[in-house]
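Engineer: Let me begin by handing over the structure; questions about it come next.
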Amino acid sequence: MPPDPGVADLAGDARLRRLELTVTRRLEGLLHGEHQGLLPGPGSEPAGSREYRPGEDEVRRMDWAVTARTAVPHVREVDADRELTTWLLVDASPSMEYGTAELDKRELAVAAVAAVGFLTAGVGNRLGAQVLTPTGLRRFPPGTGRTHLFGLLRTLLAAPRTGGYDEDAAPLAPPDLVEALDAVHRVATRRGLVVVVSDFLDGLPDDPTQAAPWERTLRRLAVRHQVLAVEVTDPREWDLPDVGLVTLMDPESGRRRDVWTGDPALRERYAAAAAAQRDQVREALRRSGAAHLPLRTDRDWAADVVRHVHRQRRLAAAPATTIRGGAA
């Protein structure tokens with residue numbers, strides 16, 4: 001008997017409330033200037049200057065020309081400081097339905113979306129999304145407020161879990177991350193923040209010297225926008241446990257293969273190949289100019305977000321420190 005939709009809705013809302021509490025209790029207070037703490041940067045379009053607010057503004061953003069002319073400290077202001085548009089690209093393809101820890105990859109992706117949504121929420125800030133599903137792209141136009149964010153999160157939690165194939169029919173073509181990134185590029189016309197949540201395995205070439213097919217498109221986005229790539233993985237994608245004979249299946253195509261995991265040499269080769277694959281993804285993201293936030297289903301994702309924020313702040317402050325040191 002299928003579950004009562006009303007009960008399912010209540011369960012979903014309870015999960016969303018727990019997510020909201022996790023974000024607000026553990027991550028709130030990290031941000032100064034809204035998205036500046038999540039992905040610090042110079043902002044977007046110049047929009048004049050305003051008076052400096054001690055304890056709130058960073059000295060490195062001082063507008064020295066205006067300060068000298070008016071004899072009152074001023075900082076440079078940008079449009080992104082007053083109104084931020086964030087575009088999310090959420091990978092909900094079959095490979096994201098895998099999980100062997102407390103969460104599966106799709107649930108971890110929802111947690112990442114919640115973190116971005118709650119942390120970038122503010123007066124005038126808008127959040128839009130493109131969701132990559134086995135049947136194509138689903139678009140959520142930019143909106144504001146908690147209700148809009150909860151609607152997106154409910155959709156991600158309730159989306160049908162299809163394997164992307166039918167055992168009695170030919171495999172379906174897997175979703176295309178490149179096409180999804182192109183779609184974001186078309187709709188994100190105003191400079192802002194783009195967050196891509198995926199395992200980034202789509203189309204990854206076997207030869208690590210070859211570029212990932214999505215790398216070029218991601219680089220195009222990073223030219224105009226601040227881009228954060230949230231990479232979602234599961235521990236069993238890194239190494240195989242010794243559990244005897246197992247059947248491995250490609251979630252995108254449905255292809256199966258029996259593997260004897262009792263062979264130490266096989267497990268070593270698997271771990272080496274998996275590490276090389278993750279290095280390949282990391283290097284592709286680095287070359288594209290995106291900030292990289294890796295999350296794992298067996299780790300404390302909130303703590304990883306906190307560490308990412310602090311690391312980005314240190315990197316953002318480093319150039320100013322270097323200049324002051326050189327001037328001294």
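The values are calculated or read from the model by the stated rules, or taken from the named source; none is laboratory data. Bear in mind the structure is a predicted one, so any value in this text is a computation, not a measurement. Because the Cβ atoms are built from the backbone with ideal geometry, glycine has one as well, and the counts that use them run over all protein chains shown. Quick note on the areas: whole protein, heavy atoms, side chains included, nothing else; ligands and nucleic acids left out. Shrake-Rupley method; radii C 1.70, N 1.55, O 1.52, S 1.80 Å.
Engineer: With a point put 7 Å past each Cα toward its Cβ, work out how far Arg216 is from Arg17 in nm, to one decimal.
Structural biologist: Using points 7 Å along Cα→Cβ, the separation is 5.0 nm.
Engineer: Still on this structure, please answer the following. First check a/c for segment 194-291, with a ≥ b ≥ c the square roots of the eigenvalues of its C-alpha gyration tensor; if it is under 1.5, answer rounded, and if not, answer prolate when a/b is larger than b/c or oblate otherwise.
Structural biologist: Cα axes put segment 194-291 in the prolate bin.
Engineer: Please label the shape of segment 88-153 as rounded, prolate or oblate, based on the square roots a ≥ b ≥ c of the eigenvalues of the alpha-carbon gyration tensor (a/c under 1.5 means rounded; beyond that, a/b larger than b/c means prolate, else oblate).
Structural biologist: Because a/c hits 1.5 or more and a/b fails to exceed b/c, segment 88-153 counts as oblate.
Engineer: Please find the FRET efficiency linking Arg154 to Val306, where r is the Cβ-Cβ separation and R0 is fixed at 22 Å, and quote it to the nearest 0.05.
Structural biologist: 0.25
Engineer: Work out how much length Leu315 to Leu248 would gain on full extension: take 0.36 nm times their residue separation and subtract the Cα-Cα distance, in nm to one decimal.
Structural biologist: Extra length available between Leu315 and Leu248 comes to 20.0 nm.
Engineer: Computing the accessible area with a 1.4 Å probe over protein heavy atoms, can you report the carbon and sulfur percentage for segment 176-235?
Structural biologist: Here carbon and sulfur together make up 46 percent of the probe-accessible area.
Engineer: Quick check: pseudo-label points 7 Å beyond the Cα along Cα→Cβ at Thr24 and Arg224, how many nm apart are they?
Structural biologist: Reported label-point gap for Thr24 and Arg224 is 3.5 nm.
Engineer: Roughly how many debye, to the nearest 20, is the charge dipole of segment 176-265 about its Cα centre, given +1 on each Lys and Arg Cβ, -1 on each Asp and Glu Cβ, and no other charges?
Structural biologist: Using Cβ point charges on Lys, Arg, Asp and Glu, segment 176-265 gives about 820 debye.
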